[in-house]
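Where a number appears in this text, it was derived from the coordinates with a stated rule and is not lab data. All of these numbers come straight from a predicted model, not from anything done at the bench. All Cβ positions, glycine included, derive from the backbone under ideal geometry; neighbour counts span all protein chains shown.
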Amino acid sequence: MPIRAGVQEVLAWWSPDPRGILPLDGLVVSRSLRRSCARYEVTIDRDFAAVIDACADPSRTGRWINRQIRDAYVRLHDLGVAHSVEAWDEDGALAGGLYGVAIGGLFAGESMFHRGRDASKVALVTLVSVLQANEAGMLDVQWLTPHLASLGAVEIPRRAYLARLPAALAAPLPPAFS
């Protein structure tokens, strides 16, 4: 997250304690979300730049993605490390999505957005199903928000997070991200 320091922005690194994760067997999918899943076509890495640009929309409150961060993640995507999950509406318009970094079985979610009802949640449902293929997979959401808690995310102490991290990193990269 950029912090103003004089006239330059300094890029800060965060390691929250406690850490938010979404247990892969703990995703809460309501009946209405199940119905929403049928309304969208979901793809992986079809339009990474459009997803990060939507997440960086200046009209969003709490916006933290500036040009440097955007360009860095696009480069990580070009290198096969950062990935997006997109939800497309029946007209073929990007309705929502998310992006993050995948290393082995770890997916570190960075940001999500929606323009259509439940579209980012539908992308999350797909991401969890992709990660469930890895026995040691882990979905890192960084901070627990009320929205993520409603979907099953929980907080764990940094010590517990760091204890789980080696197995997640050693797990194979899900084929959907290859």
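For region 33-109, the Kirkwood hydrodynamic radius from C-alpha pairs, put into Stokes-Einstein at 4 °C and a viscosity of 1.567 mPa s, yields a diffusion coefficient of 98 µm² per second.
A cut-off of 5 Å between modelled amide H atoms, ignoring neighbours fewer than 5 places along the same chain, links ALA171 with GLY105. For region 41-178, a simple Cβ point-charge model (Lys and Arg +1, Asp and Glu -1, everything else neutral) yields a dipole of about 580 debye relative to the Cα centre.
For region 86-98, backbone phi angles converted through the Karplus equation (6.51, -1.76, 1.60; θ = phi - 60°) give residue-by-residue couplings of 10, 10, 10, 7, 5, 8, x, 8, 5, 9, x, x, 8 Hz, Gly and Pro being listed as x.
Given R₀ = 35 Å, FRET efficiency for ASP57-ALA170 by Cβ-Cβ distance, to 0.05? So, using R0 = 35 Å, E works out to roughly 0.45. Amide H contacts for ARG19 (H built 1.01 Å from N in the peptide plane; partners 5 or more residues away or on another chain; cut-off under 5 Å): ILE156, ARG158.
When each of TRP143, TRP14, TRP88 is scored by the number of other beta-carbon atoms lying within 10 Å, the sequence from fewest to most is TRP14, TRP143, TRP88. Counting other Cβ atoms within 10 Å as a rough exposure proxy, the listed residues VAL51, VAL154 run VAL154, VAL51 from fewest neighbours to most. The peptide list 114-124, 31-41, put in order of mean Cβ contacts within 10 Å with the highest first, becomes 114-124, 31-41. This ranking places THR126, THR145, THR43 by how few other beta-carbon atoms lie within 10 Å of each, fewest first, which gives THR145, THR43, THR126. Dividing the convex hull volume of the alpha-carbon atoms in the chain by its residue count gives 121 Å³ per residue. The label-point distance for SER150 and GLN132, in a model that sets each label 7 Å from Cα toward Cβ, rounds to 2.2 nm. Spatially, region 20-46 and region 84-135 are offset by 8 Å when compared through their Cα centroids. Here the extension length gained between ALA163 and GLU90 equals 22.0 nm, from 0.36 nm per residue of separation less the Cα-Cα distance. When the helices of the chain are scored as -39500 (n - 2.57) per DSSP H run of n ≥ 4 and the total is divided over every residue, the value at 222 nm lands at -9500 deg cm²/dmol. Here the Karplus curve 6.51 cos²θ - 1.76 cosθ + 1.60, taken at θ = phi - 60°, turns the phi angles of region 20-26 into couplings of x, 9, 10, x, 5, 9, x Hz, with x standing for Gly and Pro.
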